[in-house]
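The values are calculated or read from the model by the stated rules, or taken from the named source; none is laboratory data. Predicted model only: the values in this text are computed from it and were never measured. Glycine gets a Cβ as well: all are built from the backbone with ideal geometry, and neighbour counts include every protein chain shown.
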Amino acid sequence: MAWWIAVFLSPAVRTATLGSLDPIAVAALDVPLFVLGSALAALGVKAAAVVASGWTALVAAALALYATITTEAGLGVLMMIAAAACSGLALCFVLLGRVPTEWIVRGPFAFRSAAANRPATTHVSATIGQMILFWGFFLVAVPLLISWLEIRWLVSLPVPPFAATAGATLLVLASVLGVASAVTMASRGSGTPLPSAMPNRLVVAGPYRWVRNPMAVAGITQGVGVGLILGSWLVVAYAMIGSLLWNYAVRPLEEADLEKRFGTEFQQYRDTVRCWIPRV
């Protein structure tokens with residue numbers, strides 16, 4: 001509601017968040033469907049939570065399309081994307097009482113051990129192929145799209161002149177760490193980083209002696225490096241959001257599976273080696 005008050009009181013806010021759209025026409029739909037719907041959802045009305053969440057996602061998508069076509073309302077797009085994400089989380093709590101992170105590892109993404117009778121070279125080759133696909137998508141295609149949208153939506157921010165050099169340095173160092181970690185996992189653990197073909201042995205050698213998931217550390221750092229190279233704060237934010245999602249949604253599931261499969265061995269490893277900060 002505070003945003004709508006600012007829209008009607010400040011032409012600058014109205015232009016930055018709605019562009020040339022008629023605020024009265026937008027408010028006529030948004031206030032009852034989102035503002036009032038969210039208020040009712042907070043009181044536990046499930047139908048209102050569904051309507052408010054669905055409406056927010058629809059507005060975010062429509063405003064993103066509008067901004068991409070017109071180069072207007074870029075700030076409004078970012079606000080609506082954040083609102084849609086928060087609304088989705090709220091919907092989970094209203095309907096389920098929690099966020100069902102276990103849905104992430106269902107179907108083709110369910111945790112399964114790799115075929116133990118395959119030679120190490122097979123696992124290493126599969127791991128390298130996976131890295132090429134993942135890096136190409138998450139470190140090239142997605143960042144380039146985000147960077148283009150950032151420019152198109154006119155939400156770019158100035159970056160220091162050394163950002164590209166710093167980003168390239170981070171990218172190279174993190175890539176070396178990522179490759180070393182992946183090859184160590186494949187050769188020592190008889191498996192791959194994919195949930196559907198996980199290692200058959202707990203890997204505590206190489207980079208895994210210092211942090212529990214060096215591939216996650218490498219991936220997040222690579223994302224930040226790419227963002228600095230592109231001069232895109234949104235790509236850097238994309239990498240940081242990825243770190244939060246991995247840490248709070250994926251990591252607990254992965255470590256629960258490791259504890260189930262390796263028992264005391266993993267418990268001792270977890271108690272000794274930290275997740276993000278290397279031990280000295």
Given the structure, is Gly231 at positive phi and touching a residue at least 24 places away in the same chain (Cβ under 8 Å)?
yes
Out of (1) assigned to a helix (DSSP H, G or I); (2) surrounded by 15 or more Cβ atoms within 10 Å (Cβ to Cβ); (3) modelled with pLDDT of 85 or more, what's the single condition that is false for Ala82?
(2)
Could you list, in sequence order, all residues of region 5-59 that are surrounded by 12 or more Cβ atoms within 10 Å (Cβ to Cβ) and either outside the structural domain of Cys92 (by TED's automatic domain parsing) or on the phi > 0 side of the Ramachandran plot (or both)?
Gly19
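To keep it simple, each residue is scored yes or no on (1) at pLDDT below 95; (2) within 20 Å of Trp135 (Cβ to Cβ).
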{"site": "Thr184", "(1), (2)": "yes, yes"}
{"site": "Ala237", "(1), (2)": "no, yes"}
{"site": "Met240", "(1), (2)": "no, yes"}
{"site": "Tyr248", "(1), (2)": "yes, no"}
{"site": "Leu253", "(1), (2)": "yes, no"}
{"site": "Ala256", "(1), (2)": "yes, no"}
{"site": "Gly263", "(1), (2)": "yes, no"}
{"site": "Val273", "(1), (2)": "yes, no"}
Is one or more of the residues making up region 120-138 within 24 Å of Ala60 (Cα to Cα), part of a helix (DSSP H, G or I) and hydrophobic (A, V, I, L, M, F, W, C)?
yes
Here is a check on your reading of the model: is Val35 under 26 Å from Arg14 (Cβ atoms), touching a residue at least 60 places away in the same chain (Cβ under 8 Å) and assigned to a helix (DSSP H, G or I)?
no
Here are some conditions: (1) more than 30 Å from Ser156 (Cα to Cα); (2) of a type in the set (Asp, Glu); (3) touching a Ser or Thr at 6+ places or on another chain (Cβ under 9 Å). Glu72 meets all but one. Which one does it not meet?
(1)
Out of curiosity, is Ala12 of a type outside the set (Val, Ile, Thr), modelled with pLDDT of 80 or more and part of a helix (DSSP H, G or I)?
yes
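Yes/no matrix, rows are residues, columns are (1) over 16 Å from Leu29 (Cβ atoms); (2) not hydroxyl-bearing (Ser, Thr, Tyr):
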| residue | (1), (2) |
| --- | --- |
| Trp55 | no, yes |
| Val59 | no, yes |
| Leu65 | yes, yes |
| Thr70 | yes, no |
| Leu75 | yes, yes |
| Leu78 | yes, yes |
| Cys86 | yes, yes |
| Ala90 | yes, yes |
Just name the residue that is surrounded by the fewest Cβ atoms within 10 Å (Cβ to Cβ) out of those in region 173-188 that are within 13 Å of Met215 (Cβ to Cβ) and free of Cβ contacts under 8 Å to residues at least 40 places away in the same chain.
Val176
Scanning region 203-259 residue by residue, those of a type outside the set (S, T, N, Q), in a loop (DSSP other than H, G, I, E, B) and closer than 22 Å to Thr127 by Cβ turn out to be Val203, Val204, Ala205, Trp210, Val211, Arg212
Considering only residues of region 148-171 that are free of Cβ contacts under 8 Å to residues at least 24 places away in the same chain and β-branched (Val, Ile, Thr), which is surrounded by the fewest Cβ atoms within 10 Å (Cβ to Cβ)?
Thr165
Considering every residue within region 55-69, establish whether at least one is of a type outside the set (Asp, Glu), part of a helix (DSSP H, G or I), modelled with pLDDT under 85 and within 27 Å of Leu149 (Cβ to Cβ).
no
